[in-house]
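Following: one structure in C-alpha cells, then a few remarks.
The values are calculated or read from the model by the stated rules, or taken from the named source; none is laboratory data. It should be emphasised that the depicted structure is a prediction, and the values quoted were computed from it without experimental measurement. No Cβ is skipped: glycine too gets one built from the backbone with ideal geometry, and neighbour counts run over all protein chains shown.
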Amino acid sequence: MQDEFDAYARNHTGAAAATAGNPHNEFLLMGIQLGVVGIALFVFLLVQIGRTALELREPARTIVFAYLFAFTIGCFANSLLLNFTEGNLFIFLIGIFLSCRRGTPSQADERLSQ
C-alpha cells in the first residue's frame, strides 16, 4: 500500500514526494489503521489507565498521572506507541506501577494467609 501511495504522490504532486510511513500523530494513526473504533479504543485505554491509577498509593499515582499526561500530549505530536523506545517504556512503566495497586495481594500476603 505504501508503494502505491508513493507512486500516486509522485505522479500527482509535481514534487519528489518524499512520503513518511509515520503520520506523527498516534490518534491519526489509529484512525487510519482502525477507523473511529480504533480511536475510541485507544482513548478508552488511556482513560482506563487513569481510572486504575486512582487506586495507587502516592507517589506511584502522581508518577502514573504525570507520565500518562505527557504520553497523551506526546501522542498528538508523534506516534509514540509505534516508536520502539517510547512504546515499550510506556507499557513497561504503566504495567509495573499498575501492578502495585492497593487491592492486589502480594506474594508475601498470599503465603501468610496459607
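From the list 82, 56, 93, 34, exactly one residue is modelled with pLDDT under 90 and surrounded by 13 or more Cβ atoms within 10 Å (Cβ to Cβ). Which is it? Walk me through how you get there before you give the answer.
Details: 56 fails: modelled with pLDDT under 90; 93 fails: modelled with pLDDT under 90; 34 fails: modelled with pLDDT under 90.
82 is the lone residue from the list that is modelled with pLDDT under 90 and surrounded by 13 or more Cβ atoms within 10 Å (Cβ to Cβ).
Looking for something within 22 Å of residue 22 (Cα to Cα) and among the charged types (D, E, K, R) - is there at least one such residue anywhere in region 65-87?
For region 65-87, residues within 22 Å of residue 22 (Cα to Cα) and among the charged types (D, E, K, R): present.
Any residue in region 65-73 that is surrounded by 10 or more Cβ atoms within 10 Å (Cβ to Cβ), at pLDDT below 90 and in contact with a helix residue (DSSP H, G or I) (Cβ under 8 Å, 6 or more places away or on another chain)?
no
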